[in-house]
Amino acid sequence: MSHHDHDPVFNTSGNPHFQDVLAQSLQNPARRGLLRGGLGLAGLAMLPGCATLTAGLAASPSALGFAAVEKSLLDNVMLPPGYQYSVLHATGDALDSALAAYSNKGLESDDWSRRVGDHHDGMDIYYIDANGRYSEKETARAVLCVNHESSADSHFLHPNGQTSNKVSGKKFTQFGDWDLGARPELEVLKEINLHGVSVVEIVKSPQGWRIQQDSPLNRRITPQTPVRISGPRAHIAQIRGFMTTRWDTAGAMSRGTLNNCGHGKTPWGTYLGCEENWAYYFQTTAGGSAFSAKEMASLKRYGVASAAPVAGVAKAAGQGWHTVSGTDDRFSRWNLAAVGATAEKDFRNEANTFGFNVEIDPLAPNATPAKRVAMGRFAHEAAVCGVPKAGEPLAFYIGCDSRNEYIYKFVTTALWDPRDVGGGLVAGDKYLSEGKLYAARFDASGQGEWLELTMADPRIANHSAYKFANQGDVLVNARYAADAVGATKMDRPEWGAVNHRNGEIYFALTNNSAANRTPAKTDLANPRAYMDMDGVKSMGNPNGHIIRFKESGHQASAKSFAWDIFVFGAEEDSGDVNLSGLTAKNAFSSPDGLWFSKATGICWIQTDDGAFTDETNCMMLAAIPGQVGDGGKVTVKNKMVVGGVEQTGTQETFLGAALGEAKLRRFLVAPKGAEVTGITETPDGRTLFVNIQHPGELSKPQSSGGAPQSVWPGNQGYGVAGRPRSATIVITRKDGGLIGL
Ligand code: FEO
Ligand code: CA
Ligand code: CA
Ligand code: CA
């Protein structure tokens, strides 16, 4: 008996089946236009007679239609025969024609607030109609929003890498080595401003898409941009109490956003920039008064760093932005030391203003972005909305990307009204201020539970590791609340994605380390613990997997779901580890970006890997998914050396149907040292936008005289050659056909 046999009948109403509506639309030119115009299947779900989306009914293609791309260590974007790419924009490109063209030598002025930021990550596209308003249908004008994750390796952005003013002369070589001493002001200003989000108008010409310099819509959201703190009416005063700083003593506003990784697009047409590894930007210098035990507990649970040894808070890497001398609070805000008499006199609370989904209206350049506290504070990685259904709540699925962290769901109190499309941040206030926040527990039965994070739950109200004051505290310290209710610790939840054809939700679990996964420390949802001694040596779950789930009754507000594992990452020659039967044509490691094409139904998988990189650069694969429960039970054989002793064990789990090379194929391999992340398309499925982040990540610092590991995209004729740059590329088929089929 399958663990999915509990499934309810999908639709007991007398309404026509979704398949029928689709079939009608394909026969009906008006509806066909609707489909082609971009309303797509999600839009069809709002049509009368289609109130309930049913599973597995829209036909999926049976096989992919391109030749798999070989593994590659070359310094270029590799695509299947018949495909081509061009660069849309890259780090440093000027948004205004008045700015000098990018020198690519680190010589730019300090004002990156009018240039494309660095480390392109999640992105989405917003079409503009003839009246300048948001359009769900494709037009020749759009705004592309791109997250700039921008973490440690900004050494290509200064003339000679990051300057060290420390006596030791120790310079940045890798993430854990950041100890530069006092930083030069100009370098820090550049680094601050290249973070955030780029909002750039793009236009379609006969030659393809290009950016529109000087557009009034061009905007940079940086860590300096004023942002509104928004939250549930009943708890906003409590929330503001956590946000009080010298800059806004009322805690109603904060400054900016940073380390924006995966993203979200709302059904009403706004952008969610999600704040991931924000904790590493803060330090706590000596000289302040001691944190309370509760403040300390919060800092520890969120991994906020401390430059000076503060008891109980681990010393970690940091940008050192606070080290610029003087009292300018553009710099001092990154130091959490409680040096003032009260929180209104210093920045002890500044870290509480990060860790959120930040809503931006791409078509309203003067609109103040809003931090959506109701969606919880953690290391946000993408916020994907389930298929919207008129008259029902919306669900946003959110990963918290750190080892052993959780998957969350936010369910709106407001019911979806398609008339809110184009409603900007007013619609955002309606849907994203009030709602319920849940964390996921994956059970051994193949079912899972959504655990509400509320003070009404005595496990939260009486949690011993962190004493919550109120519901505002629960939202700001959501990780503790999820601990209290027993959510399942996952192998680093990265992007979520929704399969628009059946409403199922997918999550990339990128990898986990030997400290967290041993044969004795696995569960059904995180079942692997092994060693890879071939090439890059790694242990734990170094290759990651993709999990998926189906809400009970296909309801956004469901309290339970059925789950299985879609596919395991693996090297093709890894034996028992290779549970999904991957081959040289589709072997991959560390899935990160994850996204479904509405046009083709293809599930695109992007990698950010460090375990398979001896054989291939990071990549993007196309998959044609089935549905939860299309496979069965498997037994994972685990083997690992733990503390010098070989440990073995078995772990049962639920694995989806094998995809084979017909349904899982490598489509793209990135330049050297890059991760592939961020993807969107034109609604006709004939143009794909993909981000190439941090080519040359493993370069020796410029300051050490090392040659860059990558010189892409300059080596392909884009801009000034010499240093690598992150970029958005535009992929098309030379014959203009559908991408991937
Ligand atoms: Fe920024 Fe979780 O990758
Ligand atoms: Ca290997
Ligand atoms: Ca191998
Ligand atoms: Ca990511």
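The values are calculated or read from the model by the stated rules, or taken from the named source; none is laboratory data. Model, not experiment: these values are computed from the prediction. Backbone-built Cβ (ideal geometry, glycine too); neighbour counts: all protein chains shown. Surface accessibility is based on the protein's heavy atoms, side chains included, excluding ligands, DNA and RNA. Shrake-Rupley method; radii C 1.70, N 1.55, O 1.52, S 1.80 Å.
Run Leu415 past the list (1) among the aliphatic types (A, V, I, L, M); (2) open to solvent by 50 Å² or more (accessible area, probe 1.4 Å); (3) in contact with a helix residue (DSSP H, G or I) (Cβ under 9 Å, 6 or more places away or on another chain) and report the number of the one that doesn't hold. Every listed condition holds for Leu415 apart from (3). Scanning region 443-469 for residues that are under 21 Å from Thr244 (Cα atoms) and open to solvent by less than 40 Å² (accessible area, probe 1.4 Å) yields a count of 2. Here Glu697 passes the criteria (1) modelled with pLDDT of 95 or more; (2) within 27 Å of Ala508 (Cα to Cα) except the one numbered (1). Checking each residue in region 360-384 for being open to solvent by 20 Å² or more (accessible area, probe 1.4 Å) and charged (D, E, K, R) picks out only Asp361.
When the strands (runs of 3 or more DSSP E) confined to region 558-612 are screened for residues that are within 16 Å of ligand 4 (Cβ to nearest atom), those reaching at least 2 such residues are found at 591-596, 603-607. In region 241-253, the residues that are assigned to a helix (DSSP H, G or I) form Cβ pairs under 7 Å with partners that are open to solvent by less than 60 Å² (accessible area, probe 1.4 Å) and among the β-branched types (Val, Ile, Thr), at six or more places apart or across chains, as follows: Phe242/Val476; Met243/Ile229; Met243/Thr353.
Name the residue, out of Ala439, Ala465, Ala414, Ala461, that is among the aliphatic types (A, V, I, L, M) and closer than 20 Å to Gly391 by Cβ. Break it down into steps so the answer makes sense when it comes.
Working: Ala439 fails: closer than 20 Å to Gly391 by Cβ; Ala465 fails: closer than 20 Å to Gly391 by Cβ; Ala461 fails: closer than 20 Å to Gly391 by Cβ.
None of the others qualify; the one that does is Ala414.
Residue-wise test of (1) open to solvent by 10 Å² or more (accessible area, probe 1.4 Å); (2) of a type in the set (D, E, K, R); (3) in contact with a Gly (Cβ under 8 Å, 6 or more places away or on another chain); (4) at pLDDT 95 or above.
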{"residue": "Ala658", "(1), (2), (3), (4)": "yes, no, yes, yes"}
{"residue": "Glu661", "(1), (2), (3), (4)": "yes, yes, no, yes"}
{"residue": "Val676", "(1), (2), (3), (4)": "no, no, yes, yes"}
{"residue": "Ile679", "(1), (2), (3), (4)": "no, no, yes, yes"}
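Among the residues of region 255-273, those that are within 14 Å of Arg220 (Cα to Cα) and not polar (S, T, N, Q) comprise Arg255, Gly256, Leu258, Tyr271, Gly273. Only one entry of Gly428, Gly391 meets the criterion of being open to solvent by less than 20 Å² (accessible area, probe 1.4 Å), away from ligand 3 (no atom under 16 Å from the Cβ) and not in a strand (DSSP E or B), and that entry is Gly428.
Here's the yes/no breakdown for (1) within 16 Å of ligand 2 (Cβ to nearest atom); (2) surrounded by fewer than 22 Cβ atoms within 10 Å (Cβ to Cβ); (3) part of a loop (DSSP other than H, G, I, E, B); (4) among the aliphatic types (A, V, I, L, M):
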{"residue": "Gly264", "(1), (2), (3), (4)": "no, no, no, no"}
{"residue": "Gly269", "(1), (2), (3), (4)": "no, no, yes, no"}
{"residue": "Gly273", "(1), (2), (3), (4)": "no, no, no, no"}
{"residue": "Ala286", "(1), (2), (3), (4)": "no, yes, yes, yes"}
{"residue": "Leu299", "(1), (2), (3), (4)": "no, no, no, yes"}
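Scanning region 206-229 turns up one or more residues that are outside any loop (DSSP other than H, G, I, E, B) and farther than 22 Å from Asn147 by Cβ. Assessment of region 528-544 against the conditions (of a type in the set (Asp, Glu), open to solvent by 10 Å² or more (accessible area, probe 1.4 Å) and over 11 Å from Phe612 (Cα atoms)) yields no matching residue. Looking at Gly486, Gly503, Gly472, which is the one that is modelled with pLDDT of 95 or more, buried (at least 24 other Cβ atoms within 10 Å of the Cβ), more than 16 Å from ligand 2 (Cβ to nearest atom) and not aromatic (Phe, Trp, Tyr)? Step by step, each of Gly486, Gly503, Gly472 is checked, and only Gly503 is modelled with pLDDT of 95 or more, buried (at least 24 other Cβ atoms within 10 Å of the Cβ), more than 16 Å from ligand 2 (Cβ to nearest atom) and not aromatic (Phe, Trp, Tyr). Filter region 544-585 down to the residues that are within 16 Å of ligand 2 (Cβ to nearest atom) and in contact with a helix residue (DSSP H, G or I) (Cβ under 8 Å, 6 or more places away or on another chain) and list them by number. Passing the criteria: Phe568, Ala570, Glu571, Thr583. Of the residues making up region 600-634, those that are touching an Asp or Glu at 6+ places or on another chain (Cβ under 7 Å) and either at positive phi or at pLDDT below 95 (or both) number 1.
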